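Undergrad: There's a structure below that I have some questions on.
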Amino acid sequence: MAKEVQVSGARLQYIEQGSGEPIVFVHGAPLDLRSWEPVREEIAKRYRFIAYTQRYFGTEPWPDEGKNFSIATHADDLARFISSLNAGPVHLVGWSHGGLVAATAAVSDPSLVRSLILYDAAIISVLPVESPEGKLAREDRARTLGPGVAAAKTGNFVKAAKLLQEGVFQLPPGGFNSLPRDWQTGLLDNARIVPLLLSAPPPPAITCEMLKNFIRPTLVMRGEKTLEFYALISEAITKCVPGAQQVILQNVNHDGPMRDPAAFTAAVFDFLSRL
């Protein structure tokens with residue numbers, strides 16, 4: 001049963017299960033807390049599983065027309081959400097867009113987190129624009145997201161959401177329809193945030209220098225077959241964060257936590273057991 005908490009004028013829905021040390025899961029875009037369903041039961045056997053839906057995501061009415069949609073807003077919401085749990089510092093897990101939100105909150109206030117786990121985090125600012133890796137990553141991202149962005153410019157946000165997902169999940173044209181029905185439902189429910197994603201202000205830059213000062217235990221995960229820009233970002237984060245560990249999930253791409261929840265969960269358990 002979903003619960004909700006008021007945070008800075010927005011109602012954030014969340015679910016929790018299990019007991020022990022809390023792990024807060026931050027979803028990607030365009031998704032919501034349902035994207036973590038494949039790992040919920042297993043995580044809850046050992047930890048207090050907590051997943052929430054970020055402001056403007058999900059199916060709830062918006063508190064406004066979307067004017068405050070930004071990584072800065074979402075990171076502030078996350079910090080306040082963690083504080084509202086009265087659980088002390090949490091293990092924080094972020095995927096894709098959610099990885100950027102989680103890292104932004106963690107770097108801003110490390111006291112919020114016991115550890116940080118990032119899967120294919122969309123922190124492209126860690127790659128300097130002028131570096132070869134930075135240029136390559138940005139070109140790869142533009143090529144991948146291009147069809148979805150073009151559809152959004154015509155006002156067809158449902159088509160845009162499908163194309164964006166086909167791009168990051170490396171599906172063939174029309175491959176969206178091959179996804180499990182619950183994945184499709186969650187993605188289509190969130191198609192309305194596509195214009196907000198594309199018009200959002202630039203996120204606060206997270207640079208390698210900033211990450212060098214982040215000393216919380218950090219696990220960086222990516223899929224073996226993930227897109228080049230996620231792979232390059234993951235490599236950079238691993239090098240920048242002191243003592244960061246990296247795990248590459250085999251035979252998956254950006255869809256790892258959904259496609260192979262057992263491997264994803266095992267990597268999380270292994271990492272946390274070493275702390």
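Bear in mind that the values in this text are calculations on the coordinates, not laboratory data. Values in this document were obtained by computation on a predicted structure and should not be read as measured data. When we count neighbours, we look across all protein chains shown, and the Cβ atoms used for this are built from the backbone with ideal geometry, even at glycine.
Undergrad: Would you confirm, using the coordinates I've provided, whether Phe176 is outside any helix (DSSP H, G or I) and of a type in the set (Phe, Trp, Tyr)?
TA: Details: outside any helix (DSSP H, G or I): no; of a type in the set (Phe, Trp, Tyr): yes.
The answer is no for Phe176.
Undergrad: Further question: Considering Ile237, Ile193, which residue is assigned to a helix (DSSP H, G or I), touching a residue at least 24 places away in the same chain (Cβ under 8 Å), buried (at least 16 other Cβ atoms within 10 Å of the Cβ) and in contact with a strand residue (DSSP E or B) (Cβ under 6 Å, 6 or more places away or on another chain)?
TA: After applying the criteria, what remains is Ile237.
Undergrad: Filter region 5-53 down to the residues that are out of contact with any strand residue (DSSP E or B) (no Cβ under 7 Å at 6 or more places or on another chain) and either surrounded by fewer than 19 Cβ atoms within 10 Å (Cβ to Cβ) or among the β-branched types (Val, Ile, Thr) (or both) and list them by number.
TA: Gln6, Val7, Ser8, Gly9, Glu37, Val39, Glu41, Glu42, Lys45, Arg46
Undergrad: Determine whether region 116-123 contains at least one residue that is outside any helix (DSSP H, G or I), acidic (Asp, Glu), under 20 Å from the mean Cα position of the chain (by Cα) and closer than 17 Å to Leu232 by Cβ. Outline the logic, then answer.
TA: Restricting attention to region 116-123, the residues satisfying the condition of being outside any helix (DSSP H, G or I) are 116-123.
Imposing the further condition that a residue be acidic (Asp, Glu) reduces the set to 120.
Next, only the ones that are under 20 Å from the mean Cα position of the chain (by Cα) stay: 120.
Okay, now just the ones that are also closer than 17 Å to Leu232 by Cβ, so 120.
Yes, region 116-123 has at least one match.
Undergrad: Looking only at region 15-68, count how many residues are in a helix (DSSP H, G or I) and within 21 Å of Ile193 (Cβ to Cβ).
TA: Of region 15-68, the ones in a helix (DSSP H, G or I) are 33-44.
Imposing the further condition that a residue be within 21 Å of Ile193 (Cβ to Cβ) reduces the set to 33-37.
Looking only at that region, the number is 5.
Undergrad: Sticking with this structure for a sec: Taking the stated definitions as given, is Asp76 among the acidic types (Asp, Glu), farther than 26 Å from Ala267 by Cβ and in contact (Cβ under 8 Å) with a residue 40 or more places away in the chain?
TA: On the way: among the acidic types (Asp, Glu): yes; farther than 26 Å from Ala267 by Cβ: yes; in contact (Cβ under 8 Å) with a residue 40 or more places away in the chain: yes.
Taking the combined requirement at face value, the residue satisfies it.
Undergrad: Now, a different point. Name every residue in region 139-161 that is of a type outside the set (A, V, I, L, M) and within 15 Å of His254 (Cα to Cα), in order of residue number.
TA: Matches in region 139-161: Asp140, Arg141, Thr144.
Undergrad: Okay, moving on. Tally the residues that are touching a Leu at 6+ places or on another chain (Cβ under 7 Å) and either free of Cβ contacts under 8 Å to residues at least 60 places away in the same chain or more than 20 Å from Asp120 (Cβ to Cβ) (or both), restricting the search to region 154-164.
TA: Here is the first cut: in region 154-164, the ones touching a Leu at 6+ places or on another chain (Cβ under 7 Å) are 158, 161, 164.
Filter once more, keeping what is either free of Cβ contacts under 8 Å to residues at least 60 places away in the same chain or more than 20 Å from Asp120 (Cβ to Cβ) (or both): 158.
The qualifying residues number 1.
Undergrad: Residue by residue through region 123-144, note down the ones that are among the hydrophobic types (A, V, I, L, M, F, W, C) and either touching a strand residue (DSSP E or B) at 6+ places or on another chain (Cβ under 9 Å) or surrounded by fewer than 21 Cβ atoms within 10 Å (Cβ to Cβ) (or both).
TA: Initially, region 123-144 is screened for residues among the hydrophobic types (A, V, I, L, M, F, W, C), giving 123-124, 126-127, 129, 136-137, 142.
Answer for region 123-144, where residues must be among the hydrophobic types (A, V, I, L, M, F, W, C) and either touching a strand residue (DSSP E or B) at 6+ places or on another chain (Cβ under 9 Å) or surrounded by fewer than 21 Cβ atoms within 10 Å (Cβ to Cβ) (or both): Ile124, Val129, Leu136, Ala142.
Undergrad: Please state which of the following conditions Arg222 fails to meet, knowing it meets all the rest: (1) more than 16 Å from the chain's Cα centre (by Cα); (2) of a type in the set (Lys, Arg); (3) closer than 19 Å to Gln165 by Cα.
TA: The single condition Arg222 does not satisfy is (1).
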